[in-house]
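The values are calculated or read from the model by the stated rules, or taken from the named source; none is laboratory data. For clarity, every value in this text was computed on a predicted model and none was experimentally measured. As a convention, Cβ positions derive from the backbone with ideal geometry for all residues, glycine included, and neighbour counts pool all protein chains shown. Heads up: the accessible areas ignore ligands, DNA and RNA and are worked out on the full protein's heavy atoms, side chains in. Shrake-Rupley method; radii C 1.70, N 1.55, O 1.52, S 1.80 Å.
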Amino acid sequence: MIRPARPQEIALLPQIENAADARYGRVGLRCVLDMPAHGIDSFEAGRRRGMLWVATSPSNRVVGFALMALPGGTAWLEQLSVLPRWQGRGLGAALIDRAAARARQLGYDALHLSTYLRVPWNAPFYGRRGFTEMPRGAWPRAFRLQFMIENSHGHPSWRRTIMQRPITS
């Protein structure tokens, strides 16, 4: 089940993000493990703006989340994380669809994100869900700034890309 996050669930989300990120170490991206998860303030701001959703287990336990932001007048999937034992069940896809629906509701015609190339649960995963890579020369200023911020946090820029998914009504 996908639903808006509740205030009492915010504290769980950094733990879910860290648990989901653990597998990056197995593909040589230890830098991801060294990065802090999104802060409580970031999650709370997303919740208040109606841009934070959780995926829950049948017992209503939070097992994943999606956080959307609106940098530079674009709809941006800031973070998508699902606990490892719950991955592969369609929760990530459902969270993406929920974020896309909200972006459409807000008047956007595309959902964007940045991700790792050639990591199976990143660019290829998003590609199967309708995202396509944007050529670097086509990135608007907001995307270049986002990329610089991510680079300053330790993401190796040569392994990353920005993707977009058209949103249809």
> So, in the range 148-169, of the ones that are closer than 19 Å to residue 24 by Cα and touching a Ser or Thr at 6+ places or on another chain (Cβ under 9 Å), which residue ends up most open to solvent (accessible area, probe 1.4 Å)?
Replying inline: 151
> Consider residue 18 against the criteria (1) polar (S, T, N, Q); (2) under 22 Å from residue 165 (Cβ atoms); (3) at pLDDT below 95: it satisfies all of them except one. Which criterion is unmet?
Replying inline: (2)
> Which of the helices (runs of 4 or more DSSP H) contained wholly in the range 90-169 include at least 2 residues that are within 18 Å of residue 20 (Cα to Cα)?
Replying inline: 91-105, 123-127
> Inside the range 133-169, can you point out the residues that are of a type outside the set (Lys, Arg), at pLDDT 85 or above and closer than 23 Å to residue 120 by Cβ?
Replying inline: 133, 134, 135, 161, 162, 163, 164
